[in-house]
Each structure stands twice: as structure tokens, then as C-alpha cells.
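Report on one structure; see the data block that follows.
Quick note: the coordinates plus some simple rules give every number you see, no bench work behind them. None of the values given here were measured: they were computed from a predicted structure.
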Amino acid sequence: MENFYGIYNTRNYVVFDFSEASSINFDQVLDDDINSLDISNDGVKTFVAYEGDMPSSVAALTTKSEQYSHEEMLSILSGDNWIDLNPPQ
């Protein structure tokens with residue numbers, strides 16, 4: 001597993017309110033567009049991934065969290081608000 005996660009060592013993540021998603025410049029982040037964002041189970045939060053320094057469009061968000069590493073983000077996503085409570089059968 002360590003080698004697999006190694007490719008993500010330079011990635012950073014920020015969680016923010018989905019209501020601000022249209023403020024993201026998707027040329028600055030690793031996500032393709034607003035439709036590719038994962039949304040929390042309650043529909044309130046989303047996140048973006050990027051490499052290196054925080055992009056200006058992410059820095060400008062008013063509801064952003066602190067910056068998280070890949071390992072920290074995996075921990076967050078394993079919480080009840082991010083787990084798919086109705087996986088496909």
C-alpha cells in the first residue's frame with residue numbers, strides 16, 4: 001500500500017461548502033469540472049485536490065477547511081458523512 005499512496009504524496013485537499021463550487025477554476029485543480037466533485041451525504045460539503053501550493057481560486061473560498069494531506073483526507077472520507085450509505089448492489 002505504501003507504494004500506491006506514494007503517488008499521492010504531493011497532493012493536497014481542501015473541503016468546502018458545495019455552494020462555492022462554481023468559484024473553483026478547474027484549470028487549477030485535479031478535478032475535471034463541477035460535475036466530477038464528490039459531495040457529502042448531506043449535500044453540503046465537497047472537496048478538491050491539487051498538487052503543490054493552494055491555487056488562488058481555492059484560497060479565495062470563504063468556507064474552506066485547512067489543507068489536508070492524502071492520508072488525512074482518506075480518514076475524513078471514511079467518516080459517516082462521506083461513506084456511500086447506499087452502494088450499488
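Relative contact order for the stretch 2-77 using alpha-carbon pairs under 8 Å, separation at least 6, rounded to a whole percent? Write out the running numbers ahead of the final one.
Working: 102 pairs, mean separation 33.9, N = 76.
Value for the stretch 2-77: 45 percent.
Search the structure for amide H atoms under 5 Å from the amide H of TYR8, placed 1.01 Å from N in the peptide plane, and list their residues when 5 or more places away or on another chain.
none
With a 10 Å cut-off between alpha carbons and a GNM built on the chain, which of ASP31, ASP53, ASP42 moves the most?
Highest fluctuation among the options: ASP42.
Taking 2.2 N^0.38 Å as the expected size of a compact globular protein, what ratio does the Cα radius of gyration of the chain give against it, to two decimals? It would help to have the intermediate numbers written out before the result.
On the way: Rg = 13.1 Å, N = 89, 2.2 N^0.38 = 12.1 Å.
In units of the 2.2 N^0.38 Å rule of thumb, it is 1.09.
At 222 nm, what value in deg cm²/dmol follows for the chain if DSSP H runs of at least 4 each add -39500 (n - 2.57) and the sum is divided by all its residues, to the nearest 500? Provide the component values of the computation, followed by the final result.
On the way: 3 runs with 17 residues, N = 89.
Mean residue ellipticity at 222 nm (helix-derived): -4000 deg cm²/dmol.
Out of the DSSP beta bridges found with both residues in the chain, what percent are antiparallel (nearest 5)? Mind dumping the intermediate values first?
Numbers: 9 of 9 bridges.
Bridges in the chain that DSSP calls antiparallel: roughly 100 percent.
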